[in-house]
Amino acid sequence: QVQLVESGGGLVQAGGSLRLSCAASRDMFSLNAMGWFRQAPGKQRELVARITRDGSTDYADSVKGRFTISRDSAKNTVYLQMNSLKPEDTAVYSCNVRYQFKDYWGQGSQVTVSS
């Protein structure tokens with residue numbers, strides 16, 4: 001099993017920044033890709049950013065150039081730095097990892113961007 005504990009999130013004005021953290025209970029090198037998803041009210045959950053075990057990253061088109069996913073292997077933690085936030089970024093953000101063919105999720109963090 002893998003436990004994922006998130007921190008960060010909150011309320012910010014448009015143009016502002018926030019950073020989300022996701023601490024994993026397992027050594028990150030034992031895990032495959034870790035990702036951040038988000039779900040806005042009335043919308044489907046979408047992948048925001050992902051980082052693989054070898055450090056490769058990819059992003060949703062809507063956040064490219066504004067969000068950065070990174071990791072600190074010593075702390076088994078993945079971060080999502082969110083800059084130039086827009087009201088349409090408002091959602092519940094959750095970190096995810098697939099381990100031994102099963103998906104594990106963080107508890108979810110509310111990000112609200114006011115206009």
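The GNM of the chain, with springs linking C-alpha atoms under 10 angstrom apart, assigns the highest mean-square fluctuation among Ser21, Ser56, Ser94 to Ser56. Between Gln3 and Ser115, residue separation times 0.36 nm minus the direct Cα-Cα distance comes to 36.9 nm.
For segment 62-115, what is one quarter of the convex hull surface built on the Cα atoms, given in nm²?
On the way: hull surface 19.3 nm².
Averaged projected area of segment 62-115's Cα convex hull equals 4.8 nm².
Counting only protein heavy atoms and a 1.4 Å probe, tell me what percentage of the chain's accessible area is made up of carbon and sulfur. Of all accessible area on the chain, carbon and sulfur atoms account for 46 percent.
The trypsin sites (Lys or Arg not before Pro) of segment 35-104 meeting both criteria, a DSSP state outside H, G, I, E and B (loop) and at most 16 other C-beta atoms within 10 angstrom of the site's C-beta, are Lys43, Arg45, Arg53, Lys64, Arg66.
Applied to segment 44-49, the Karplus parametrisation 6.51 cos²θ - 1.76 cosθ + 1.60 on θ = phi - 60° returns per-residue 3J(HN,Hα) values of 6, 5, 10, 6, 9, 7 Hz, with x for Gly and Pro.
Label sites at Gln44 and Thr57, each approximated as a point 7 angstrom past Cα along Cα to Cβ, lie 2.6 nm apart. Based on protein heavy atoms only, the chain ends up with 54 Å² per residue of surface accessible to a 1.4 Å probe. Annotation: extensible slack from Arg26 through Trp105 equals 27.1 nm (criterion: 0.36 nm per residue apart, minus Cα-Cα distance).
The values are calculated or read from the model by the stated rules, or taken from the named source; none is laboratory data. Predicted model only: the values in this text are computed from it and were never measured. Using ideal geometry, Cβ is built from the backbone for each residue, glycine included, and neighbour counts are taken over all protein chains shown. What goes into the accessible areas is simple: the full protein's heavy atoms, side chains included, and nothing from ligands, DNA or RNA. Shrake-Rupley method; radii C 1.70, N 1.55, O 1.52, S 1.80 Å.
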